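*Asks:* Got a structure for you, questions after.
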Amino acid sequence: MSLINRKIVFQLLLIILGLNSCTENIKTNYNKEEVYQTKERLSLFQTKFKYIDNIEVQNFDDYKLVKIKGKTSDLKYLLFSSNSKVDTLWPKADFYVAVPVRNITTLVASSIGYADALGCLDRIKAVSKKQYIYNSVVRDRIDSGEIVELGEMQQLDYEKLLSTNPDLFIQSDYSDNFEIDNRVQKAGIPTLLFSDWKETNPLGRAEWIKLIALFVQKEEMADSIFMEIERRYLSLKDTVAMIDEQKTALLGAPYKDVWYMPAGDSYKVQLLNDAAVDYKWRTEKGNASLPLSLEVVIKNQVDADVWIECPYRTFDKLIAQDSRFSIFKAFKNKEIYHYKRQLRDDGANNYWERGVGRPDELLSDIINVFHPNKYKTEMFYYEKLK
Amino acid sequence: MKDPKNIYIKFGVLFIILFIAIVGDLMVGSTYISFDEIVRTLIHGQDDSVNSFIIWELRLTKTIAAILVGIGLPVSGLLLQSLFRNPLAGPFVLGISSGASLGVAIYVMAGGASILASSWLLAGGLSLFSILGSLLVLMAVLAVSLRVNDTLSLLVVGLMFGSITAALVSVMQYFSSADLLQRFIVWTFGSLGGFTWMEVSILTGLVLISLILSVFIVKPMNAMLINEDYARSLGVSVKNIRMFVILISSVLAGSITAFAGPIVFIGVAIPHLARNFFNTSDHKILLLAVVLMGSILMLVCDIISQMPGYATVLPINSVTAIFGAPVVIWIILQNKRINARY
Amino acid sequence: MQDTNTHINIDVLALSNLSIGYKTEGAKKIIASNLNTALKSGQLVALLGENGSGKSTLIRTLCNLQSPLSGSISIMGEVLSQKRAKSIAVVLTSPVYAPNYTVYDMVSAGRYPYTNWLGKLSDKDHYIIQKSIESVGIKVLSERLIHSLSDGEHQRMMIAKALAQKSDIIILDEPTAHLDLINRVEITKLLQKLAREENKAILMATHELDLALQMADRLWLMSNGEIEEGAPEDLVISGVLQKVFAKLSLDFDHLSGGFKIKTETTKSIHFESALETNEEIWTKRALHRVGYIVENNPNNTLKLKYLKSTKKWILSNNGVEAEYFNLDKLLDDI
């Protein structure tokens, strides 16, 4: 085997075996010159997850163990107070993180929403690109240089990343087996694989705020925020629970020849169910999107009452994409809504930053659209096409 | 002398197969519509039913698109192969299709980023840029062809332009955002499904004009096939014919690429199959042969691309490549037989 | 040059102050200039010259494959315009493609200047094509693919195509290159016949001096940017031919009409040869080849005699005799 092949195999083995290493090789964010301003003790709050079933937090005397369960292996984070030393008697973990972290690099939009809710935006020091970020505070800080841009995930400036020396690196997890870039690993940067997008329950998705909270020691705050969100959501759900006649929904738009429709177990369909909205494909199993042809969608959903989450903001642009959309009843009745009400000029959509963490707001928008006589407020993310 | 009866029979067979292929393509789709209903709708015109809409606005447009592509690219390939006296010539060799890709890339990635912000592409703008890109390379190749009398050099120039445009496209990909890049990549897969009657009518017009022009140069092309010196001695204006061929090829390749994305191998492979089936190099016969066989093949590829069950549609390029690549290899193997005479 | 058909030879293709060459980057390179001559009907003219003398350039210029630098070319008195296809047919050396053409298809191409916009062949066209194929003697090859032909057959086919063009002038560039002797002779004979019987003006650029001397009606000799022309025998008698081809290592043999290679002759041998029989001539050639001057000098220590009755050579060297039944061994021993 050539040298390069050997290296790759070795790295793969490391990942598959859960990155286990001897104590001497423990990479932490502890061994730094930087002196923390406050010497915080580890918070005592016991984080529990109501809707997320693959994250587990165990509190011990001087450390916390956060376990994210995966298909074939688990990711373990050992969190300890930043004013204590690494104890060699601690259990094996993939990452040893001194909390609260002060220097976060994140590529995940929703994490910014959570950080904002928890009041720790100031800890974010590096992001992917300004054009993906809605939050005005963060955008200002990017302009002033306080926050660094690293580029897209596929073309990340690793040099810059390593030079900012983050305590925590948050990225999305697209694989099933926790793939982490080996450069990041080698540098010993604790990486949080954020897979909130995999949640099938809208409330479960929002509960990921608690995970962020663990790393910034704001668990109690996260807990109460989430409880409030949950309360609002369930109350909204109640207001429409009695409705018998359900309108039908059409979502999204095709891309070239394929129209990806959320399947029955996805969180979007859950929202529709909770909003008492009918949806043609809600009995389809699975979380992955259904790749449908335009023909199938027209055949089955031409009479859908309302078209939501359309990616175009005007009827002109919609019809220019494909003149055949005019066949839809929703088009004829002009009942089409997009989800870009909160949008920056360069394309950043707050739907992805704040919205996915606020299912109560999402539910509110859907109910607004489908049951206008039952409930009418300002919409957060949805807006009718012009 | 060739046996004309034989040729008529072969054409007859091709027409029959084409008819079957058209019917087949209309019948295949991700939803079931009965044959009776299809025939009824085609005869009586479009009414309010969903099925009728699907047949007229989705299936018929796709079928016609397949035929247009099946005509346009092989005709372009036929002319280029005869002009360059090279069995591997085609719209891609001359960089014309690459020019079209460059036009599309500019529109999607550079234009899309600054002008259209988060909007999606407008079909008209896209096709305009694609044809412009094609024409740009055409102009460059034309300019060179007037000064360089040597066909081989022209081929190399075409390849170089193809490389330049491909490189520019790569650079742009590197600098563009993820979703624009994604859009462009999806376009490169090629698709016949995005055709509405607007695109169909535009493309039909362009393909028809090109086809008619091609008929007029059938005779000089037969002379060009021997070699350029002999063609000249027989009275052919070689410079003019060269220009015509490049013009026709560019319009065909450019407009088809704009609407259907880059579709590979058809331009190179079909003329060879036609030559072999009819055992002739006579453009009188080959032009019609290529039109029929190209249409049939594209329809078959389209049928295959829709078959894998429920809704997944294979990218058309994958299917044409599976057919076309073996033919290209076979061409290269066959080429050893041909020794140019001294 | 009259034959039974009593054709009158007229100037069919006339060069007037013609200057030929190339234009590269604005600069002119003149290969030959001030060419004034004419091709007559009913004649086979051979264009000869050393490599680089401009034969190909002249041919290409006459065929309208490149432009003259100055001067004019006229056909039947009319200065050459674009439409030469019916006046001049060409046979070239450039490689031919058309992979699926049969011989018939290729010869049919000769009818190009006469057919309609689609290239449809009328009955008359077919007749002409068939006749052309027959007159070059390749009727059996009509349906063969052109790339399966031998060199000789290929040349005949291209000549048939030129014939099908029914032009008054046929210009050929090295028509006998790459052919074996028999084909070279046959092709040249064919061209001569076509010139005489069909009254065509045929110009062929060639290296075959022997054949040209024996079969051409006129020669155009190109050298130093000029053309010397005339009947072959005139050019030999006047010494022009020798001058053009003067080379240190060649001798022009007036008798055979060919060039003999000069060899160093350092030795001499006496050979009794009074009758000039075949054997004697060839024995002399062999001796000459290995460097012997043949003389009639009985005092020479080296003497050779050939006995026809017994078909053997008797070599006598200072009185010592030896017998040989072939020249090979004889030459070894000398």
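*Asks:* Which residues, taken from segment A:253-279, are surrounded by fewer than 19 Cβ atoms within 10 Å (Cβ to Cβ) and either touching a helix residue (DSSP H, G or I) at 6+ places or on another chain (Cβ under 6 Å) or not in a helix (DSSP H, G or I) (or both)?
*Replies:* Our first condition is that a residue be surrounded by fewer than 19 Cβ atoms within 10 Å (Cβ to Cβ); within segment A:253-279, this holds for A:255-256, A:260, A:264-265, A:273, A:278.
Answer for segment A:253-279, where residues must be surrounded by fewer than 19 Cβ atoms within 10 Å (Cβ to Cβ) and either touching a helix residue (DSSP H, G or I) at 6+ places or on another chain (Cβ under 6 Å) or not in a helix (DSSP H, G or I) (or both): A:255, A:256, A:260, A:264, A:265, A:278.
Matching residues to (1) at pLDDT 70 or above; (2) over 21 Å from residue B:221 (Cα atoms); (3) more than 14 Å from chain A (Cβ to nearest Cβ):
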site	(1), (2), (3)
B:57	yes, yes, no
B:92	yes, no, yes
B:96	yes, no, yes
B:106	yes, yes, yes
B:115	no, yes, no
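*Asks:* Which one is surrounded by the fewest Cβ atoms within 10 Å (Cβ to Cβ) among residues in segment A:62-84 that are closer than 25 Å to residue A:176 by Cβ and among the basic types (Lys, Arg)?
*Replies:* Ranking the candidates gives A:71 first.
Yes or no, residue by residue, for (1) outside any loop (DSSP other than H, G, I, E, B); (2) surrounded by fewer than 18 Cβ atoms within 10 Å (Cβ to Cβ); (3) in contact (Cβ under 8 Å) with a residue 24 or more places away in the chain:
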site	(1), (2), (3)
C:194	yes, no, yes
C:221	yes, no, yes
C:233	yes, yes, no
C:243	yes, yes, no
C:259	yes, yes, yes
C:273	no, yes, yes
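*Asks:* Of all the residues that make up segment A:149-170, how many are within 14 Å of chain B (Cβ to nearest Cβ) and among the aliphatic types (A, V, I, L, M)? Break it down into steps so the answer makes sense when it comes.
*Replies:* Filtering segment A:149-170 for residues within 14 Å of chain B (Cβ to nearest Cβ) gives A:149-157.
With among the aliphatic types (A, V, I, L, M) added as a condition, the list becomes A:150, A:153, A:156.
Of the residues in segment A:149-170, 3 are within 14 Å of chain B (Cβ to nearest Cβ) and among the aliphatic types (A, V, I, L, M).
*Asks:* Residues in segment A:132-143: is at least one of a type outside the set (Lys, Arg), surrounded by 16 or more Cβ atoms within 10 Å (Cβ to Cβ) and either in the same structural domain as residue A:340 (by TED's automatic domain parsing) or without any contact (Cβ under 8 Å) to a residue 60 or more places away in the chain (or both)? Lay out the reasoning, then the answer.
*Replies:* Looking only at segment A:132-143, we keep the residues that are of a type outside the set (Lys, Arg), and these are A:132-138, A:140, A:142-143.
Narrowing the set further to residues that are surrounded by 16 or more Cβ atoms within 10 Å (Cβ to Cβ) leaves A:132-135, A:138, A:142.
Going one step further and asking which of them are either in the same structural domain as residue A:340 (by TED's automatic domain parsing) or without any contact (Cβ under 8 Å) to a residue 60 or more places away in the chain (or both), we end up with A:138, A:142.
Checked segment A:132-143: at least one residue is of a type outside the set (Lys, Arg), surrounded by 16 or more Cβ atoms within 10 Å (Cβ to Cβ) and either in the same structural domain as residue A:340 (by TED's automatic domain parsing) or without any contact (Cβ under 8 Å) to a residue 60 or more places away in the chain (or both).
*Asks:* Just checking, how many residues over segment A:140-183 are in contact with a Pro (Cβ under 9 Å, 6 or more places away or on another chain) and either over 15 Å from residue A:112 (Cβ atoms) or of a type in the set (Lys, Arg) (or both)? First the steps, then the outcome.
*Replies:* Step one: of segment A:140-183, the residues in contact with a Pro (Cβ under 9 Å, 6 or more places away or on another chain) are A:166-169.
Now restrict to residues that are either over 15 Å from residue A:112 (Cβ atoms) or of a type in the set (Lys, Arg) (or both): A:167.
Of the residues in segment A:140-183, 1 are in contact with a Pro (Cβ under 9 Å, 6 or more places away or on another chain) and either over 15 Å from residue A:112 (Cβ atoms) or of a type in the set (Lys, Arg) (or both).
*Asks:* If only one of A:295, A:284, A:309 is part of a helix (DSSP H, G or I) and closer than 29 Å to residue B:32 by Cα, which one is it?
*Replies:* Values: A:284 fails: part of a helix (DSSP H, G or I); A:309 fails: part of a helix (DSSP H, G or I).
It is A:295.
*Asks:* Let me ask you something else. Would you mind listing the helices (runs of 4 or more DSSP H) fully within segment B:1-118 where at least 1 residues are closer than 22 Å to residue B:277 by Cα?
*Replies:* Hits in segment B:1-118: B:4-27, B:60-84.
*Asks:* When you go through C:146, C:170 one by one, which is the residue that is more than 10 Å from chain B (Cβ to nearest Cβ) and closer than 30 Å to residue C:216 by Cβ? Steps first, answer last, please.
*Replies:* Numbers: C:146 fails: more than 10 Å from chain B (Cβ to nearest Cβ).
Criteria check complete, one pass: C:170.
*Asks:* Spot the failing condition for residue C:87; the list is (1) farther than 26 Å from residue C:235 by Cβ; (2) free of Cβ contacts under 8 Å to residues at least 60 places away in the same chain, and only one is missed.
*Replies:* Of (1) farther than 26 Å from residue C:235 by Cβ; (2) free of Cβ contacts under 8 Å to residues at least 60 places away in the same chain, only one is false for residue C:87: (2).
*Asks:* For segment C:93-114, enumerate the residues that are more than 7 Å from every other protein chain (Cβ to nearest Cβ), of a type in the set (S, T, N, Q) and not in a helix (DSSP H, G or I).
*Replies:* Within segment C:93-114, C:102 is the sole residue that qualifies.
*Asks:* So which residues in segment C:149-167 are part of a loop (DSSP other than H, G, I, E, B), within 9 Å of chain B (Cβ to nearest Cβ) and either among the basic types (Lys, Arg) or within 20 Å of residue C:197 (Cα to Cα) (or both)?
*Replies:* As a first pass, look at segment C:149-167 and keep what is part of a loop (DSSP other than H, G, I, E, B): C:149-150, C:165-167.
Now restrict to residues that are within 9 Å of chain B (Cβ to nearest Cβ): C:149, C:165.
C:165 - this is the single residue of segment C:149-167 that is part of a loop (DSSP other than H, G, I, E, B), within 9 Å of chain B (Cβ to nearest Cβ) and either among the basic types (Lys, Arg) or within 20 Å of residue C:197 (Cα to Cα) (or both).
*Asks:* Sticking with this one: In segment C:30-42, how many are surrounded by fewer than 21 Cβ atoms within 10 Å (Cβ to Cβ) and either in contact with a Ser or Thr (Cβ under 8 Å, 6 or more places away or on another chain) or not in a strand (DSSP E or B) (or both)? Can you show your working first?
*Replies:* Residues of segment C:30-42 that are surrounded by fewer than 21 Cβ atoms within 10 Å (Cβ to Cβ), as a first pass: C:30-31, C:33-34, C:36-38, C:40-41.
The next check asks that each one be either in contact with a Ser or Thr (Cβ under 8 Å, 6 or more places away or on another chain) or not in a strand (DSSP E or B) (or both); those that pass are C:30-31, C:33-34, C:36, C:41.
Qualifying residue count for the region: 6.
*Asks:* So residue C:85 passes all but one of these: (1) assigned to a loop (DSSP other than H, G, I, E, B); (2) within 13 Å of residue B:232 (Cβ to Cβ); (3) out of contact with any Leu (no Cβ under 7 Å at 6 or more places or on another chain). Which condition number does it fail?
*Replies:* With respect to (1) assigned to a loop (DSSP other than H, G, I, E, B); (2) within 13 Å of residue B:232 (Cβ to Cβ); (3) out of contact with any Leu (no Cβ under 7 Å at 6 or more places or on another chain), residue C:85 is out only on (3).
*Asks:* Another question about this same structure. Right, residue B:97: crowded, with 21+ Cβ neighbours inside 10 Å and among the polar types (S, T, N, Q) or not?
*Replies:* Details: crowded, with 21+ Cβ neighbours inside 10 Å: yes; among the polar types (S, T, N, Q): yes.
Against the criterion (crowded, with 21+ Cβ neighbours inside 10 Å and among the polar types (S, T, N, Q)), residue B:97 qualifies.
*Asks:* What's the number of the condition residue A:305 fails, among (1) buried (at least 22 other Cβ atoms within 10 Å of the Cβ); (2) touching a residue at least 24 places away in the same chain (Cβ under 8 Å); (3) among the acidic types (Asp, Glu)?
*Replies:* (1)
*Asks:* Right, residue A:102: in a loop (DSSP other than H, G, I, E, B), of a type in the set (D, E, K, R), in the same structural domain as residue A:200 (by TED's automatic domain parsing) and buried (at least 17 other Cβ atoms within 10 Å of the Cβ) or not?
*Replies:* Numbers: in a loop (DSSP other than H, G, I, E, B): yes; of a type in the set (D, E, K, R): yes; in the same structural domain as residue A:200 (by TED's automatic domain parsing): yes; buried (at least 17 other Cβ atoms within 10 Å of the Cβ): yes.
Yes.
*Asks:* Taking segment A:312-339, which residues are in a loop (DSSP other than H, G, I, E, B) and facing another protein chain (nearest Cβ under 7 Å)? Steps first, please.
*Replies:* So the first thing to find is which residues in segment A:312-339 are in a loop (DSSP other than H, G, I, E, B), and the list is A:312-314, A:322, A:328, A:333-335, A:339.
Hits for segment A:312-339 are A:312, A:322.
*Asks:* Output the residue which, of all residues in segment B:306-333 that are among the hydroxyl-bearing types (Ser, Thr, Tyr) and over 27 Å from residue B:11 (Cβ atoms), is modelled with the lowest pLDDT. Walk me through how you get there before you give the answer.
*Replies:* In the first step, residues of segment B:306-333 are kept if they are among the hydroxyl-bearing types (Ser, Thr, Tyr); the result is B:310, B:312, B:318, B:320.
Next cut, over 27 Å from residue B:11 (Cβ atoms) only: B:310, B:312, B:318.
Working: B:310: 55, B:312: 68, B:318: 84.
Of everything passing the filter in segment B:306-333, B:310 is modelled with the lowest pLDDT.
*Asks:* Against the conditions (1) in a helix (DSSP H, G or I); (2) surrounded by fewer than 24 Cβ atoms within 10 Å (Cβ to Cβ); (3) away from chain C (no Cβ under 14 Å), where does residue B:229 fall short? Just the number, please.
*Replies:* (3)
*Asks:* Right, another one. For segment C:43-92, enumerate the residues that are out of contact with any Ser or Thr (no Cβ under 8 Å at 6 or more places or on another chain), farther than 25 Å from residue C:188 by Cβ and more than 11 Å from chain B (Cβ to nearest Cβ).
*Replies:* If the condition is that a residue be out of contact with any Ser or Thr (no Cβ under 8 Å at 6 or more places or on another chain), farther than 25 Å from residue C:188 by Cβ and more than 11 Å from chain B (Cβ to nearest Cβ), then C:77, C:78, C:81 are the ones that fit.
*Asks:* Considering only segment A:264-302, state which residues are facing chain B (nearest Cβ under 8 Å), in contact (Cβ under 8 Å) with a residue 40 or more places away in the chain and within 23 Å of residue A:359 (Cβ to Cβ).
*Replies:* Within segment A:264-302, no residue meets the criteria.
The values are calculated or read from the model by the stated rules, or taken from the named source; none is laboratory data. All values derive from a computational prediction rather than experimental measurement. Don't worry about glycine lacking a Cβ; one is built from the backbone with ideal geometry, like all the others, and counts go over all protein chains shown.
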